[in-house]
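Have a look at the structure below before the remarks.
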Amino acid sequence: MAWDTARTKRLLLEAAVEEFAEHGPQGARVDRVAARAGVNKERIYQYFGGKRQLFTAVLEAELARVAAAVPLTPEQMADLGEYAGRVFDYHCAHPHFLRLLAWEGLEDGRTGVAAEDERAAHYAGKVAAFAAARENGLLTAEVEPAHLVYAVYALATWWFTAPQVVRMIMAGAEGDSPAARRAGLVRMVRHLTASAADRCGNGSAHA
């Protein structure tokens, strides 16, 4: 029977997501990845080359998954608050992704960043979209587009990046819940990105 290479790679990547999210690239073990996947660990070296390359493959796969799940479409640009809410929803359902980024950040400067050129181009596209929206009067002209992109993602993801800090901050908040956090996020991003015309009442659709 022919070996199902695609299925084996998928099983290894799925197992590696959990292993790297829990232990990071330094603490992860290929034997545990193989055991989770039910695959001989030699397949890891055969298909990926080693643990570091496997971590890179995991990040690339997860980055592609989130980009496909939450694309920044022209419709989303028209309501960045709701776009931030969708980003929040994704990370609420897939908390491991931000853990992977956090582990990568801890190693920044010591090792290369997975698919850095492609990722930089991806974010450059988002900045360009924000810049075009600003030129068309859809976004505030008071903040640089790159800063706005950063702010939207920071507001949407910090809930999951530092949950212990969020828990302490929200300890006295009335009616705190995931739904309340999402609603607050949507309002904050809408206010942050609104053009001057919208703030004067012309954009009442998102009031």
* **the chain, accessible area per residue, ligands and nucleic acids excluded (1.4 Å, Å²)** => 56 Å²
* To do: Tell me which residues come under 5 Å, amide H to amide H, from residue 111 once H is placed; ignore anything under 5 positions away on its chain.
  => none
* Once the dipole of the range 46-188 is set up with Lys and Arg at +1 and Asp and Glu at -1 on Cβ about the Cα centre, which of 115, 74, 95 lies farthest towards its positive end? -> 95
* To do: Could you work out which residue, out of 105, 175, 50, moves most in a Gaussian network model of the chain, that is, has the largest mean-square fluctuation with Cα springs under 10 Å?
  => 175
* Structure fact -> In the range 11-115 the accessible area split gives carbon plus sulfur, as whole percent at 1.4 Å, a share of 53 percent
* Name the residues whose placed amide hydrogens come within less than 5 Å of the amide hydrogen of residue 139, ignoring near sequence neighbours (fewer than 5 apart) on the same chain. => 134
* Listed candidates (1) 114; (2) 144; (3) 157 - label of the one calculated as volume of the Cα convex hull per residue in Å³ -> (3)
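With an 8 Å Cα cut-off and a minimum separation of 6 or more residues, compute the relative contact order for the chain in percent. Could the numbers behind the result be given before it?
Working: 168 pairs, mean separation 45.4, N = 207.
Relative contact order here is 22 percent.
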* With everything on Cα atoms, drop me the angle between helix 145-161 and the longest principal axis of the chain, reported from 0 to 90° to the nearest 10. => 60 degrees
* Hey, got the dipole for the chain? About the Cα centre, +1 on K and R Cβ, -1 on D and E Cβ, debye to the nearest 20? -> 480 debye
* To do: Please identify, among 127, 70, 165, the residue showing maximal mean-square fluctuation in a Gaussian network model of the chain using a 10 angstrom Cα cutoff.
  => 165
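Can you put 177, 195 in order of accessible area, largest first, using a 1.4 Å probe? Could you put the intermediate results ahead of the total?
Numbers: 177 40, 195 5 Å².
Correct descending sequence by accessible area is 177, 195.
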* Asked: Taking the Cβ of residue 111 as the center, what net charge do the other residues with Cβ under 13 Å away carry, scoring Lys and Arg +1 and Asp and Glu -1?
  -> -1
* Asked: Which listed residue (56, 15, 158) has the Cα farthest towards the positive end of the charge dipole for the chain, taking +1 on Lys and Arg C-beta and -1 on Asp and Glu C-beta about the Cα centre?
  -> 15
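Can you tally the net charge around residue 185? Count Lys and Arg as +1, Asp and Glu as -1, for every other residue whose Cβ sits under 11 Å from the Cβ of residue 185.
Working: positive: 86, 181, 182, 187, 190; negative: 82, 89.
Surrounding charge for residue 185 is +3.
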* Structure fact -> Checked against the positive end of the charge dipole of the range 75-207 (+1 on Cβ of Lys and Arg, -1 on Cβ of Asp and Glu, about the Cα centre), the farthest of 172, 184, 147 is 172
* Taking θ as phi - 60°, what are the ³J(HN,Hα) couplings along the range 110-120 by the Karplus curve (6.51, -1.76, 1.60), each to the nearest whole Hz, with x for Gly and Pro? -> 8, 9, x, 8, 4, 6, 4, 4, 5, 5, 4
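The values are calculated or read from the model by the stated rules, or taken from the named source; none is laboratory data. The model shown is predicted, which means the values in this text are computed figures rather than measured ones. So basically every Cβ, Gly included, is an ideal-geometry build from the backbone, and we count neighbours across all protein chains shown. We work out accessible area using only protein heavy atoms, side chains counted, and drop any ligands, DNA or RNA first. Shrake-Rupley method; radii C 1.70, N 1.55, O 1.52, S 1.80 Å.
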